[in-house]
């Protein structure tokens, strides 16, 4: 398998540092999904297990798949530390899950994961293929042009980064209901089996927003790329200033950091 730009992007930083601020929201989201003992769950683009770990703690048999080998290793380490023998992580690509059998999962989760993979139509097809009849797919996706944190980080970052390659489909299209409906109906799902709701994900950090921003700057692939590009044009301070203003403006806590971000929750029933 050749090195894909997507793999390079997510191995570049260390998403485990960002994930630390996302644990509580990950748990809350999973508790809301009706995960039960013995359920087979696939968590796609799982990182180090923000949603895979709580799903396993509820008794499901969970496989986490991520394109970044460092995150897979970190996930397996967490599973071992927590003694969760019903949880394992492996390296894989959301556009091609050929290692996984048809109709093998009751629930496929992808929270801010598969949305970043290229070839979104292939991603939808693969997610549908590995889901059992009557099973569900649940995605959490950032929303294009949304005024809250992550959509704005990605918008600001892309305005400093070099233009994407020809044929690139923005990950943010997964936050558009029309696009998502088109992808899943093309994969054979009736439109009535696709539903949407707005949800909130909160980034919590027990230090000021500037410290959470420093973590994004140092460890979040898209922000790292933006700073590299900005430094070539001598615009690093502009980018830092824009992001600092964003983080401070959106923080709801007086003595630490708590920043809510809106997401589109997609539920597909096969």
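The values are calculated or read from the model by the stated rules, or taken from the named source; none is laboratory data. Keep in mind the model is a prediction, meaning the values are calculated, not measured. Virtual Cβ from ideal backbone geometry, glycine too; neighbours counted across all protein chains shown.
Considered as a group, the residues in segment 127-151 that are touching a helix residue (DSSP H, G or I) at 6+ places or on another chain (Cβ under 8 Å) and under 16 Å from residue 116 (Cα atoms) include one that is surrounded by the most Cβ atoms within 10 Å (Cβ to Cβ), and that residue is 139. Contact map, segment 174-202: first residue at positive phi and in a helix (DSSP H, G or I), second residue crowded, with 17+ Cβ neighbours inside 10 Å and at pLDDT 95 or above, Cβ cut-off under 7 Å, separation 6 or more or different chains; the map is empty. Scanning segment 228-270 for residues that are closer than 16 Å to residue 13 by Cα and out of contact with any helix residue (DSSP H, G or I) (no Cβ under 6 Å at 6 or more places or on another chain) gives a single hit, 228. Of everything listed in (1) in a strand (DSSP E or B); (2) more than 18 Å from residue 22 (Cβ to Cβ); (3) touching a helix residue (DSSP H, G or I) at 6+ places or on another chain (Cβ under 6 Å), the single unmet condition for residue 156 is (1). Taken together, 245, 214 contain a single residue that is without any contact (Cβ under 8 Å) to a residue 24 or more places away in the chain, under 17 Å from residue 147 (Cα atoms) and over 19 Å from the mean Cα position of the chain (by Cα), which is 245. In segment 6-16 there is at least one residue matching the filter, namely being over 21 Å from residue 132 (Cα atoms), assigned to a loop (DSSP other than H, G, I, E, B) and under 16 Å from the mean Cα position of the chain (by Cα). Filtered by the rule that a residue be free of Cβ contacts under 8 Å to residues at least 40 places away in the same chain and surrounded by 14 or more Cβ atoms within 10 Å (Cβ to Cβ), segment 228-237 gives 228, 236.
Note on segment 252-270: residues that are in a loop (DSSP other than H, G, I, E, B) and surrounded by fewer than 20 Cβ atoms within 10 Å (Cβ to Cβ) amount to 5.
In the condition set (1) touching a strand residue (DSSP E or B) at 6+ places or on another chain (Cβ under 7 Å); (2) surrounded by fewer than 16 Cβ atoms within 10 Å (Cβ to Cβ); (3) under 23 Å from residue 129 (Cβ atoms), residue 200 is compliant with all but (3). Where helices (runs of 4 or more DSSP H) fall wholly inside segment 22-92, the ranges with 3 or more residues that are out of contact with any helix residue (DSSP H, G or I) (no Cβ under 7 Å at 6 or more places or on another chain) and either modelled with pLDDT under 95 or closer than 23 Å to residue 220 by Cα (or both) are 23-31, 69-81.
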